[in-house]
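**Q** One structure, as structure tokens, below. Some questions next.
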There are 2 protein chains.
Amino acid sequence: MIQYDMFPLIKDILAMEPPGNNLVIRGWVRTKRDMKNLVFVEVNDGSCFNSIQCTFDGIPVPPDLSTGSAVEISGSLVFSPAQGQAVEIAAASIKVIGDAPAEEKNGIPPYPLQKKRHSLEFLREMPQLRGRTNTLAAVMRVRSRLSYAVHRFFQERGYHYLHTPVITGNDAEGAGSMFRVTTLNPSLADPGKNDYSKDFFGRETFLTVSGQLEAEAYAAALSRVYTFGPTFRAENSNTARHLAEFWMIEPETAFFRLPENMALAEDFLKYCFKTVLDECAEDMAFFDERIEKGLIGVIKSVAESAFVHITYTDAIKELEKVQNTKTFEYKPSWGCDLQSEHERFLTEELFMGPVIVTDYPKEIKAFYMKQNDDGKTVRAMDVLVPRLGEIIGGSEREENLERLEKRMTESGMNTERYSWYLDLRRYGSFPHSGFGLGFERLTQYVTGMANIRDVIPYPRAAGQLY
Amino acid sequence: MIQYDMFPLIKDILAMEPPGNNLVIRGWVRTKRDMKNLVFVEVNDGSCFNSIQCTFDGIPVPPDLSTGSAVEISGSLVFSPAQGQAVEIAAASIKVIGDAPAEEKNGIPPYPLQKKRHSLEFLREMPQLRGRTNTLAAVMRVRSRLSYAVHRFFQERGYHYLHTPVITGNDAEGAGSMFRVTTLNPSLADPGKNDYSKDFFGRETFLTVSGQLEAEAYAAALSRVYTFGPTFRAENSNTARHLAEFWMIEPETAFFRLPENMALAEDFLKYCFKTVLDECAEDMAFFDERIEKGLIGVIKSVAESAFVHITYTDAIKELEKVQNTKTFEYKPSWGCDLQSEHERFLTEELFMGPVIVTDYPKEIKAFYMKQNDDGKTVRAMDVLVPRLGEIIGGSEREENLERLEKRMTESGMNTERYSWYLDLRRYGSFPHSGFGLGFERLTQYVTGMANIRDVIPYPRAAGQLY
């Protein structure tokens, strides 16, 4: 059997101690420089941020070797005599596997990713190629490592990964507009009277907006579960902050009340931040230098802060205290949702660090949140961080059947349709809590990328399907 | 801050060394037995297979305490004087948090999961409760651990986790029927002329059948990627082997040719099998005893076997040799796809172990597979295992632009629509290979569960949306 250990990544080769003989480098040419008898070819394979320099000393290199070509270079690993890299390849031969002509050839337009810098907007038009740039490759490596950190964090704490369904019969629970999933041919539909009993599932179905309710059921079985799956919003908001398809993480824990839920959220964020700082140091240095100055400092500081806890009512008081000196676009007042400007004031100016705001008015929060005895507030929590505002939203869940049913009816929900969910309060009801966060927001936060479409491989947004 | 370490799981408590004082057990009652002055309550929290026995010696227990009730029991961990468990809780007090009446109460029907055994069919009707049974809880724990093994395997080998899109503009690439995703109101659709330019994305969109093509693009950027996400088939096949929504794993590796791809698939399966045997020993013992006798032996044997390699052409010869002595429903002949009965003969009888069949006729395989120089076969591979047949399908990919375009045209595909995919062959084309496997099939394989609907939390199938 041929072992794939025979195919080292450039990351592995860069970590070797010279001399290393009979090595084969496989990757794509980033640059080629000619200098007297020497030719320098930088090769990148995306396994790490850095490319490897291959030096051809009197060895022939194809004259038209161009950026983007796939190559196989054999040679030896040596200490680099020049500045800029510790090691390099003393190349013995080069084979071009697939070229990437810099000029039109056989009717094929020139390779679009030439050496010059490209705007993120330009790159967004070509998702099949943009992963080959420094920025997008770094984002995708960090995204992958962050995903793995999510799994590690929960698995090491006794949580079970739960795949909640993508196709759902639930309605949006107030979370926004939904996409319909159907096998009916709309062009054959009888105007005015669609018969969904003839649809694939025998009823109306949509793409999920959250796996929380389904996760609650399994928290009643396995105690600790988390979801990490795609969720959808059919909202026509064409902003740098919204996607129609994005990934959410939703842990749900039996017997946790709000304080434990807050502690879990804090530990979770710190773990994620420490992981990318430790395991993606090169990529993070790039983001800090090229994407957002000071990024690493902020991430590190959040990872080392004790999160402040404040109730919504106290937060409003703080905001009211300063509203004469600060110019808020929206006047803070009890009963209104906190605006981004309010959240950022709390976390960036008042507490200068992460803050968890709890006990929001029930009217501005979801039906499933546990009602406080004051009759006005619910056991909600929003985690706010500097530079962003809300990064996590969560709550303790209402475990009392009557209170939950009443709240659902008040919210105009069909309790019959959610009878399965109410079963969790009919049989062995239990205190439980959970939270949710958008994985792309988290990835944006640690990479500093301004547009959410640049932190997911193939972004989906209104009118745009690249 | 209250630490959630104050909330030990039953799994953690069962692993403690007695004596352990001031412990609180939180979970759901499985059984209650009265015996002279003693009451025994078995509590389970789903953190592991076993329940913990709580013994009440002269301590009052609510007389109507019933199966399924959520309880909080405080007491001390002691060595168990009786057979059946090493340790138990000498209980000091019990609090019923949420009851689960065994009889109708306030109009609520009795808790359906009484102590007696329930059929898997019966449980399938109540996905919100079935996780509380031994079988389904064990499946979901193994499923979670298997997911984690998938991530660990790839992350430790330099692979980047790639979230390929769920909503796609691709067609099914011959993989089957697709679900439409739309925000058009079918009841307002103009019969005969739907205008998808008015749909959410400005064009027709569907639920993905595979992330492979999108993964190939990122293999050209990061060298090694894997997907692990939901995929969909709108097929009206109501069998124990098909789901409309299921999770797929698809690694894609730059510069690997078929031999490396085969080695990766073999290592991957062995890693998964070893992980569940090592890390889910209790659950696996349950499956071996109650679901399928001999299961552990088969899994262990596959994990320790060297996988046999055979070409399709040679496999057909072997099948033809025995067709007079074996009664196959379908006659094996060159050009026809291997049927399940043929696959099982090869893996269960001829080689008595895992087999990888390669180089299938191009007509029965997908357009993107690398064509051999014989003009007849492609660099495909199917991994067959005893008890199941095909568990993995994969191939080396066609890297030659002209050959790929020709094959797409022959297959009736719109090459214009796949221009983005052809770009991977226009610019820096490279040898690469990958494979795919259905995660539910893998979970079925290691758990022995006969029906695929019992290995996913909320199964979706034609006409059924529990």
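**Q** What spacing in nm lies between the two simple spin-label points modelled at B:H309 and B:V322, each 7 Å away from Cα in the Cβ direction?
**A** Going from the B:H309 label point to the B:V322 one covers 2.3 nm.
**Q** To the nearest whole number, what is the average tally of beta carbon atoms from other chains within 10 Å of the beta carbons of peptide A:62-68?
**A** Partner-chain Cβ atoms within 10 Å, mean over residues of A:62-68: 1.
**Q** While we're here: Could you tell me the calculated FRET efficiency between A:N22 and B:K274, based on Cβ-Cβ distance and R0 = 41 angstrom, to the nearest 0.05?
**A** According to the calculation, E is roughly 0.80.
**Q** Per-residue counts of other Cβ atoms within 10 Å, averaged by peptide: what ranking do you get for B:226-238, B:247-259, highest first?
**A** Highest to lowest by the protection proxy: B:247-259, B:226-238.
**Q** Between B:E156 and B:S301, what is the label-point separation in nm under the 7 Å Cα-to-beta-carbon projection?
**A** Simple spin-label model gives 2.6 nm for this pair.
**Q** Also, quick follow-up: When only the heavy atoms of the protein chains count and the probe is 1.4 Å, how do B:F328, B:F122, A:F435 rank by accessible area, highest first?
**A** Largest accessible area first, the list is B:F122, B:F328, A:F435.
**Q** I need the calculated FRET efficiency for the pair B:S340 and B:K36, taking r as the beta carbon distance and R₀ as 41 Å, to the nearest 0.05.
**A** Plugging the Cβ-Cβ distance into 1/(1 + (r/R0)^6) gives 0.10.
**Q** Here is a further query. In Å², nearest 100, what accessible area do chains B and A bury in total when the solvent probe is 1.4 Å?
**A** Using a 1.4 Å probe on protein heavy atoms, the buried area is about 10300 Å².
**Q** Which entries of A:K270/A:K365; B:K317/B:K376; A:K32/A:K116; B:K376/B:K406; A:K331/A:K362 show an alpha-carbon separation above 22 angstrom in the structure shown?
**A** Violating the 22 Å Cα-Cα cut-off are A:K270/A:K365.
**Q** Also, I was wondering about something else. Please average, across the residues of A:74-84, the number of beta carbons from any other chain that are within 10 Å of each residue's own beta carbon, and give a whole number.
**A** Mean partner shielding for this stretch: 0.
**Q** Hey, another quick one. Largest first, how would A:R417, A:R441 line up by accessible area (1.4 Å probe)?
**A** A:R417, A:R441
**Q** At 1.4 Å probe size, with no ligands or nucleic acids counted, give the accessible surface of B:R241 in Å², nearest ten.
**A** That residue has around 110 Å² of solvent-accessible surface.
**Q** Using only the Cα atoms of the range A:113-258, what do you get for the radius of gyration and for Dmax, in Å?
**A** So, for the range A:113-258, Rg and Dmax equal 19.8, 57 Å respectively.
**Q** Counting only heavy atoms of the protein chains, get the accessible area per residue of the range B:22-97 (1.4 Å probe) and round it to a whole Å² value.
**A** 45
**Q** Using a 10 Å cut-off on Cβ to Cβ distances, tally the other chain neighbours for every residue of A:431-440 and report the average as a whole number.
**A** Counting Cβ atoms of other protein chains within 10 Å of each residue's Cβ and averaging gives 1.
**Q** If we hang a label 7 Å off Cα along the beta carbon direction at B:T313, how far is it from the matching labels on the other copies, in nm, shortest first?
**A** 8.2
**Q** Something else about it: Keeping every protein chain present and rolling a 1.4 Å probe, give me the accessible area per residue for the range A:336-466 in Å².
**A** 31
**Q** Suppose we compare each residue of the range B:229-277 in its chain alone and in the full protein complex with a 1.4 Å probe; which ones drop by at least 40 Å² of accessible area?
**A** B:E245, B:W247, B:F255, B:E260, B:A263
**Q** Percent of alpha carbon pairs in chain A separated by more than 40 Å?
**A** 34
**Q** Please list A:274-281, B:197-204 highest first by mean number of surrounding beta-carbon atoms within 10 Å per residue.
**A** Averaged packing, sorted descending, gives the order A:274-281, B:197-204.
**Q** Could you report the accessible area of B:R124 in Å², rounded to 10, computed with a 1.4 Å probe on the protein chains as they sit in the structure?
**A** About 30 Å², ignoring ligands and nucleic acids.
**Q** Of all accessible surface on the protein assembly as shown at a 1.4 Å probe, what whole percent is carbon and sulfur?
**A** Roughly 49 percent of what the probe reaches on the protein assembly as shown is carbon or sulfur.
**Q** Right, next: Evaluate the distance, in nm, between pseudo-label points positioned 7 Å from the Cα of A:S411 and of B:E402 along their respective Cα→Cβ axes.
**A** The modelled label-to-label distance comes out at 6.2 nm.
The values are calculated or read from the model by the stated rules, or taken from the named source; none is laboratory data. None of the values given here were measured: they were computed from a predicted structure. All Cβ positions, glycine included, derive from the backbone under ideal geometry; neighbour counts span all protein chains shown. Heavy atoms of the whole protein, side chains included, go into the accessibility calculation; ligands, DNA and RNA do not. Shrake-Rupley method; radii C 1.70, N 1.55, O 1.52, S 1.80 Å.
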